[in-house]
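See below for the structure under consideration.
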Amino acid sequence: MTKPAIEKPVSRKANPQSNSVAWAILGAAGLGYLGIAFFAPHLLPDLSAGRTHVTETTVMKVSADVESLKSELSKLEADMSGVKADVAAQASQTQTLNTQVSALEEKARTAEAPQNTASAEVDHAQMPAGLPGTAFTATTNDSPPPPKIINAPRVGAPIETGSVNSGSNGAPISFGPAVVKPAASKPVGIQIATDPSVDGLRVTWGALSQIHPEELGNLKARYADIGTASNPNFGLIAGPVKSKVEAKKICKALAAQNISCKVSDYKGEEL
């Protein structure tokens, strides 16, 4: 048998004219686009509009964020101003309280001196007169001279004595059994301050009762005149206290805090 002949594909040669035409068309289109872009750019489509819109949106968003940050900063500044005002007010109150405490401590320190000087003074009008037949000894430089003895009894003269008259029938008087009545106990108080004026004692009591409520919260204040005409002075007395033992405990607690205190009778006028 004979084999059929195999047909080989026939290769076609490229046409150089068709390639040249294609390149010429592309070149003309490019030159035309360049010419329009150079001489009449308004005829080309505006491709930057989209980008402009995107840019404006971004700017608006950034501006909104900036405004939000500004509002937050303003709020923080307002809060800081409030905190500063509170701190300043607290500092002012603390300074006022420290001033009052310093004044009270100063009064407590100086309270001892007027009391000592007032007790050391001798009122010559209240001193007992000398007895007949006795001599008066001066103890201070300002004491009055010895009193003169008038109608002194003679030496060796009989001493006259009084007697109790008997009853109408001559019988002795019977007084009955002695009855001892206990003296009424005076209310106990504590003297915690002195001042030349009652108004000063009111201020002192207001401050002390606030600073020491545990010791003075249940007590009431009175003032007593403990000075003289030449040196007026008033004592601040708090009470009533149950007993002198309780009063000593309160004074010990106050003395530990540099407050002058001593046990006294609960006397004087209401403050």
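Readers should treat all values here as calculations from the given coordinates under stated rules, not as data from a laboratory. This one's a predicted model, so the numbers in the text were calculated from it and none came from an experiment. Using ideal geometry, Cβ is built from the backbone for each residue, glycine included, and neighbour counts are taken over all protein chains shown.
For the structure I just gave you, tell me whether Ile259 is farther than 13 Å from Leu219 by Cβ, touching a residue at least 12 places away in the same chain (Cβ under 8 Å) and buried (at least 21 other Cβ atoms within 10 Å of the Cβ).
Here the answer is yes, as Ile259 does meet what is asked.
Output the residues belonging to the range 194-222 that are in a helix (DSSP H, G or I) and over 18 Å from the mean Cα position of the chain (by Cα).
Result: Val198, Asp199, Gly200, Leu201, Arg202, Glu215, Leu216.
Specify the residue that is farthest from Ala111 (Cα to Cα); the eligible residues are those in the range 217-243 that are surrounded by 13 or more Cβ atoms within 10 Å (Cβ to Cβ) and among the basic types (Lys, Arg).
Lys220
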